[in-house]
Amino acid sequence: MTQKKKKAGQTGIEQNQDLRTMRFEIRLSPSEYNGLVSQALLAEGNSLAQYARNKLIYGGNAAIEHYRQQRDTSKAVIAEIARIGNNVNQIARALNRDDDVSMAMLEELCKVEVRLAAMDQQFQNTLRAQVQS
């Protein structure tokens, strides 16, 4: 009987929902081990264990590519949120300086609201796609 995880692991993006309770050991020569570590670093995986698991179970490249795509998407979302935060800070600073709220400021706030709604929708779609796959 498999136990379910209470929450995602350290990476937070893993598809596996089962708790890993089984252990598999393998002996390597120092050169084999160093080669495996080098390949894991080149693959930009999260850990040697994750890289080895992907290679053994999934054939390697598909899972690593999926991780890279998720990482790139996360970076893009974080950058977009930072840009929106900068816009909101600029608007707040301007509103605190002047009691007179201009139409341009209100239009900018509407643009921020639209961008946030679009990002929220995209994020929800991404989550749904991850759950379905």
### Query
Once the Cβ-Cβ distance between Gln69 and Arg115 is put in as r, and R0 is 25 Å, what FRET efficiency do you end up with, to the nearest 0.05?
0.65
### Message
Order 48-54, 30-36 from most to least packed using the mean count of other Cβ atoms within 10 Å.
### Response
48-54, 30-36
### Message
Using 0.36 nm times the number of residues separating Arg83 and Phe24, minus their current alpha carbon distance, what extension gain do you get?
### Response
16.7 nm
### Task
Please give the contour-minus-distance gain from Leu42 to Leu56: 0.36 nm per residue of separation, less the Cα-Cα distance, rounded to one decimal in nm.
3.3 nm
### Cβ-based exposure ranking for Lys75, Lys55, in which fewest neighbours within 10 Å come first
Lys75, Lys55
### Message
Please compute the Kirkwood hydrodynamic radius of the stretch 69-132 from all pairs of different C-alpha atoms, in Å with one decimal.
### Response
13.4
### Query
Between Phe123 and Arg97, what length in nm is gained on full extension when 0.36 nm per residue of separation is reduced by their alpha carbon distance?
5.9 nm
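Any read-out appearing in this document is the output of simple, stated calculations on the displayed coordinates, not a laboratory observation. All of these numbers come straight from a predicted model, not from anything done at the bench. For neighbour counting, all protein chains shown are included, and Cβ atoms are generated from backbone atoms with ideal geometry for every residue, glycine included.
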